[in-house]
1. Taking a 18 Å limit on the Cα-Cα distance, which of the listed pairs Lys90/Lys119; Lys69/Lys121; Lys90/Lys121; Lys125/Lys151 fall beyond it?
2. Which order do peptides 165-178, 61-74 fall in by mean Cβ count within 10 Å, highest first?
3. Stretched out fully, how many nm does the piece from Glu142 to Val266 gain, at 0.36 nm a residue minus the Cα gap?
4. Under a Cβ-Cβ cut-off of 10 Å, what is the net charge of the residues other than Asp42 that fall near it, where Lys and Arg count +1 and Asp and Glu count -1?
5. Quick check: pseudo-label points 7 Å beyond the Cα along Cα→Cβ at Lys175 and Ser64, how many nm apart are they?
6. Under a plain spin-label model, where a point goes 7 Å from the Cα along Cα-to-Cβ, how far apart in nm are Glu157 and Ala124?
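Each reported figure results from applying straightforward, stated rules to the coordinates on display, with no laboratory input. Worth saying up front: this structure is predicted, and the values here are computed from it rather than measured. A quick note on method: Cβ atoms are made from the backbone with ideal geometry, for glycine too, and the neighbour counts reach across all protein chains shown.
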Amino acid sequence: MGTTSKFVQRKMIQKPMFFLGLLFLGMSLMAQHGEVINHIYDGNEQASAEVFDEAEISYRRALSKAPEKLEALYNLGNTHFQEQDFDEAKQRYFQTQKFAENKSSKHHAFHNLGNVFMKQKDYAKAVEAYKNALRNNSEDEETRYNYALAKELLDKEQEQQNQDQNDQQDQNDQKDQKDQDNKDDNKEGDKDKDSGKKDEDKEGDEGEDKEDKKDKGDQEKDQQPEQGDSEKEQPSKPQQTELSPEQVKSLLEAMSNQEKKVQDKVNAEKVQGTPVRGQKDW
């Protein structure tokens, strides 16, 4: 069903409600009741002329005499509604349905209470108010229309809220992914930086090792004598010559003769020694 944003506002109750019990009240109560009725009548006339501030005064005067007077409560709510004072209107409609003793009065109060929530764009509460109105009069076409409109607007609102939540979730997911990517990039950059530093340290260590080995090699080279000098310093080994048996025999004979000569010389020196003195005579 095609719907528009316009909803139906219940008109004011023009005829005050009378109760049979009033016939048995005293004259003072009858006078007071008549005064209340007059204030309500004045308020209705002023509201019809759209003099809402004067109408509000008249309805309040009636309520000061009869705080639970349904006609004064309900029509005062309508006056606040016309003045765009929706919080006050809501309070008066709530009081009306609270004190109402018949379904018709409850139906009117809940219907206009739903209208207040529609003005405040509280579609969920408007739907509930129209439901309560239909519970008291399910055949009212205006209430059914307003209920369908409120339900449609509520569905659209919830759909928009879901869409907004999904969009927000997507934005959060994208932000989280971006943050994670930046974190991974930073981690990879730190890893490359550490790797490069390790390579530099390794190359530096290898260079130092090579330099140390070179210095050590130079020191060992300086400590080692040159090959030529080493050969000079080493004593020459006697060359062994192979002798023939004749040469060996001759050599032995020469050594024997030499030894005999030495021995003969020694013996001759012993014989030529100093002669011994004779004994002295006493």
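1. From Lys90/Lys119; Lys69/Lys121; Lys90/Lys121; Lys125/Lys151, over 18 Å: Lys69/Lys121.
2. Ranked by mean Cβ neighbours within 10 Å, highest first: 61-74, 165-178.
3. Full-extension gain reported as 27.3 nm.
4. That works out to -1.
5. 5.7
6. Taking the simple label geometry, Glu157 and Ala124 are separated by 0.9 nm.
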